[in-house]
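Here's the structure, in structure tokens; my notes come after.
No lab work stands behind these numbers, since they all come straight from the coordinates. Owing to the predicted nature of the structure, the values given are computational and were not obtained by experimental measurement. Here Cβ is always computed from backbone atoms with ideal geometry, including for glycine, and neighbour counts include all displayed protein chains.
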Amino acid sequence: MIDRVGEFIESHGLWSPGEVLVVGVSGGPDSLALLDIVRRLQSPGSSAVHVAHLNHMIRGERAAEEAEYVRHWASEWELPFHSGAVDVPAYSERTGMSLEEAGRQARYAFLFSVGSVVGAAAVAVGHNADDQVETIAMHWIRGAALAGLRGMRPLTCLKPNLLQPGCPFVDCYSGAEYPLVVHEDPAEGRVFLAASPRLRLIRPLLGTFRADIESYCSEAGLKPLTDMSNLSPEFFRNRLRMELVPLLCGYNPRFKELALRSADALADDYDYLLGEVATLWQELAEVHGRFVRFPLDRLNALPVVSKRYLLREATRCLAGTARDIEWKHVAEMLDTMERRPVGSLVDMPQGLAMIKEYGSVAIGFGADLLEALRGAAGIPLLEIGEPVKVAAGGAICWGDREWVIQTEIHDLAPGQQYPLAQASRWEASFDYDLTGNDVVLRRRRPGDRFRPLGMSGAKSLQDFMTDSKIESWLRDYVPLLVAHGDIAWVVGWRVDDRFKVGAGTKRILHVSFRRTGDCGRD
């Protein structure tokens, strides 16, 4: 048994016997056997193995006895012992999650916190092969794809959610989240437990069945505790273990073995796919911090499996986890990308949303996605609702002093030609005798019309913006240069034909927008 587990550890690169290791020990057969095996495998004379036990505050005095029991074994084997307590029922009620999930989150938070304190390379937990089979069955029933059907992995690489510092650690393979919660300790008050991103989670017993572990405990003289909650049909996993798995084994006695083999095969497929998706992510994803954008034509040209994983990765990148993003949410995003009109919005869990733009799709937090898109547009936008007076022959700052509007008046001598070509889309020239000094910048209004340069008739501003493929979330903020109540310029897009510079123009009003970091303070 020790040799088999040692070979499993070595073949999967889980742990070097000289590295510091934290072992989560509940006192049951799996964790107690794991502790005994790794202490025997550690380098001679080493004290690299630490014991960590968490009281979930569910079973009253019984929980205190379990903690003392684990402490006894740590003392017996002369191993450092770390204990903690979390009111898991209170945490479950406060967060609305199940008791199982709340306990899992608190347990990982505690173990990684201990690992961070002692400078561990890894945290070991006692999941075994039967646990793996149950996990695969549970994910299958809940409709999981590759990431779920591959089950737990022997080695899990954790990394912090960089967009929300101090919040969860995320499984970089599946997106599974291990949040670090705030624990209440009567002696210490409220303590936030932070962990190191260097830690890895390992499962050395994942290739060993429960029956072999129990035999090992008996042969080694270990007397593990029995957790009676493992026999309660109240918990979903218990019902799987006691009812569904035996039923499936009745159809095929090798069901467990085949389930493990399938999980390993799917894990290989998943790892390969992630490598392909990582390459596509580097090529296609524009990460702006508050949102992620993809080019629509290139995204739609990809195989559907690649699109699914890129969309899920975008949600993970923003929210730190994709656990709540279900098949139906991804399907709605795909349908929007391929068939729905521009401007369509998809609401998703975790406050996320996706919007379809002209030529792209953007994913961000719904509450401020449009604001984030406008902020990253890099063009002059009129955020205020009131008109802004534009004085002829001067300069004003606007847009939180990010932009300056410069106006100049030029007299033309008889026969002199003024160049109509402009240096950029953010400057334009007008017949000053037609515009006069009554010039303002304002946002669009219902019923706005103007005559685009080169056209003989007027056109609704709404139709012009649609034809020009101006994003729907941008249209209300595009500045309009207005003279005598008429639109003279849709800034950045088109001048009105009625105010153009012509053969009879004697004076020119030149208006330019430029970005500046110093507009002065007066």
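Observations
- Proximal lysines relative to LYS506, as straight alpha-carbon distance under 29 Å, when same-chain residues fewer than 8 apart are discounted: LYS389, LYS459
- The trypsin sites (Lys or Arg not before Pro) of segment 230-293 meeting both criteria, a DSSP state outside H, G, I, E and B (loop) and at most 12 other C-beta atoms within 10 angstrom of the site's C-beta, are ARG254.
- Above-threshold pairs, the threshold being 24 Å between Cα atoms, out of LYS328/LYS356; LYS328/LYS469; LYS223/LYS256; LYS356/LYS469: LYS328/LYS469; LYS223/LYS256
- Nonlocal amide H pairs with VAL49, under 5 Å, H built at 1.01 Å: LEU21
- For ALA122, the amide hydrogen comes within under 5 Å of the amide hydrogens of VAL22, ARG200, counting only partners 5 or more places away or on other chains and with H modelled in the peptide plane.
- Taking θ as phi - 60° and the Karplus parameters 6.51, -1.76 and 1.60, the scalar couplings of segment 341-346 work out to x, 4, x, 5, 10, 10 Hz in sequence order, x denoting glycine and proline.
- When Cα extents along the principal axes in Å is computed from the coordinates, the matching label among [x] 116, 56, 51; [y] 62, 59, 48; [z] 109, 53, 40 is [z].
- Remark: spin-label model distance VAL117-ILE384 equals 5.6 nm, labels positioned 7 Å along the Cα→Cβ axis.
- Reach of LYS500 by Cα under 17 Å, taken over aspartates and glutamates that are not fewer than 8 positions away in the same chain: GLU408, ASP411, GLU427, ASP431, ASP433, ASP438, ASP486
- Footprinting exposure proxy ranking of TRP15, TRP426, fewest other C-beta atoms within 10 angstrom first, gives TRP426, TRP15.
- Residue order, fewest to most beta carbons within 10 Å, for ARG94, ARG444: ARG94, ARG444
- Neighbour counts of other Cβ atoms within 10 Å put VAL88, VAL287 in the fewest-to-most order VAL287, VAL88.
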